[in-house]
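Bear in mind these aren't lab numbers, they're just calculated from the coordinates by the rules spelled out. Predicted model, so just to flag it, every value in this text is computed and none were measured. Positions of Cβ are backbone-derived with ideal geometry, glycine not excepted, and every protein chain shown enters the neighbour counts.
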Amino acid sequence: MTFKTGKTLKTYSMISSLQVPDSFESDIRGWLFKQGELYNLHWFLAHADDGVIWGENRDGDMLLSSDYFPESPSVATSLRAITLQQARLFGISGELFVWRNGTGQRWRARLLQDGEGVEKEYYDEDYLLWGKSVRETREGFTLLEEGSQGFLHAPPIREKFKFPVTLQVRHYIDYDSDGQAYIPYSRPMSLK
């Protein structure tokens with residue numbers, strides 16, 4: 001539940017740790033899809049050593065940009081444990097963030113959910129995504145190109161849109177012992 005009081009936006013928010021199973025590395029996609037279904041998380045964004053992977057939970061499966069643009073090296077990055085740095089499964093209601101621990105040996109996961117927990121102030125902000133032209137659209141993924149060097153990525157954008165494409169991010173506000181505001185965490189919410 002999100003509500004507005006005067007000029008301050010507030011929501012109830014809860015953070016919890018999730019156990020990442022030992023089988024995660026052999027079935028990353030399957031585990032993430034199940035978590036998305038369980039927590040109503042729709043979009044997927046992963047950063048790997050060899051590129052960025054966009055995805056979407058749709059039609060009973062997790063669909064990935066690399067499935068639809070295998071000929072484009074920067075977009076065809078496979079979802080593999082050996083190159084995966086971090087992954088975010090997100091939606092309006094929350095975010096599941098998965099990353100390697102400090103030694104790179106174990107996986108950790110944090111679930112942030114809005115609508116329950118403690119009251120938190122927040123604000124939302126739109127971040128511009130790379131892409132000033134559409135190269136192609138396949139099965140709900142749009143291959144966006146940026147600049148003369150041709151930087152490419154393929155976010156899951158199905159509907160017709162106008163540039164710029166943005167990623168909506170929620171920033172949560174907290175206060176230190178001196179009453180100074182700071183942002184302890186942020187999370188992506190949606191593509192616009």
With Cα atoms, 0 to 90° folded angle of helix 28-39 axis to the chain main axis: 40
R0 of 41 Å, Cβ-Cβ distance TYR12-ALA81: FRET efficiency to nearest 0.05: 0.75
Computed FRET value (nearest 0.05) for SER177 with GLU119, which takes r as the C-beta separation and R₀ as 22 Å: 0.70
R0 of 35 Å, Cβ-Cβ distance ARG158-GLN105: FRET efficiency to nearest 0.05: 0.40
The chain - Rg and Dmax from Cα coordinates, angstrom: 17.5, 54
Theoretical gain in end-to-end length, ASP59 to ARG29 [0.36 nm per residue, Cα-Cα removed]: 9.4 nm
Lysine pairs meeting the criterion (Cα under 29 Å, 8 or more apart or interchain), as found in the chain: 16
Within the range 131-192, GluC sites (Glu not before Pro) in DSSP loop having at most 16 other beta-carbon neighbours inside 10 Å: GLU139, GLU159
Euclidean distance of C-alpha centroids, the range 17-68 and the range 142-163, integer Å: 21
Quotient of Cα Rg and 2.2 N^0.38 Å for the range 69-163, N being how many residues it contains: 1.36
